[in-house]
Amino acid sequence: GSSKVKGLELNYQQQFTFLPGWWSGFGMFANYTMLDAVGSYGTGEVTAATTSEIPGFNPEVGNVGISHIKNRLSLRLQLNHAGRYLNTYNANQSRLVYRRARSVVDFKSVYNFSRHLGVYLDINNVLAEADRAFEFHGGRPNAIRKMKPQFLVGLNGRL
């Protein structure tokens with residue numbers, strides 16, 4: 001098959017170094033991507049498929065967050081968003097399976113003891129949003145899989 005993808009990506013990032021003292025470590029970031037695709041499935045037919053009919057193609061993603069980076073400590077709180085998209089194709093429209101839109105809050109932190117050694121703590125999915133939520137065409141529920149917050153702790157080493 002073949003396809004054409006067009007889109008728009010917006011990105012903004014700023015460190016507030018102009019603020020006094022401790023406040024100068026703050027920053028913010030945001031990005032958003034919107035894509036549109038048209039193509040065929042390569043089945044020999046000339047049928048075109050719109051963006052919402054291409055399995056695994058997510059036409060909308062974005063994130064926004066704040067950070068504080070000062071001396072040896074780095075903290076980041078961010079909201080990640082992924083739009084609704086087709087997960088599994090079926091020739092029968094009532095059997096199309098879509099992955100629901102999902103917005104998740106993550107927290108990331110790093111403390112560097114030196115240039116060569118640091119420790120990190122990450123908390124993924126702070127608000128315990130559904131990890132995978134699927135629905136059939138028309139919004140009929142298919143399956144929802146919940147995931148509790150995930151805690152990751154470890155050491156970073158550099159040579």
(message) If R₀ is 35 angstrom, what is the calculated FRET efficiency for the pair Leu35 and Leu159, using the beta carbon separation as r and rounding to 0.05?
(response) 0.35
(request) Report, by chain and number, residues whose modeled amide H sits under 5 Å from the one on Phe57, excluding near sequence neighbours (fewer than 5 apart, same chain). (result) Leu86
(request) Report the FRET efficiency, 1/(1 + (r/R0)^6), for Asn71 and Phe151, where r is their Cβ-Cβ distance and R0 is 25 Å, rounded to 0.05. (result) 0.55
(request) Could you run the Karplus curve 6.51 cos²θ - 1.76 cosθ + 1.60 with θ = phi - 60° over region 86-94 and give me ³J(HN,Hα) per residue in whole Hz, x for Gly and Pro? (result) 6, 9, 9, 8, 8, 5, 7, 4, 5
(request) Using a 1.4 angstrom probe on heavy atoms only, work out the carbon and sulfur share of the accessible area of the chain in %. (result) 58 percent
(request) With mean projected area of the Cα convex hull in nm² in mind, check (i) 8.4; (ii) 12.9; (iii) 10.8 and report the label derived from this structure. (result) (ii)
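The values are calculated or read from the model by the stated rules, or taken from the named source; none is laboratory data. This one's a predicted model, so the numbers in the text were calculated from it and none came from an experiment. Cβ: placed from backbone, ideal geometry, glycine included. Neighbour counts: every protein chain shown. Accessible surface areas use protein heavy atoms only, side chains included; no ligands, DNA or RNA. Shrake-Rupley method; radii C 1.70, N 1.55, O 1.52, S 1.80 Å.
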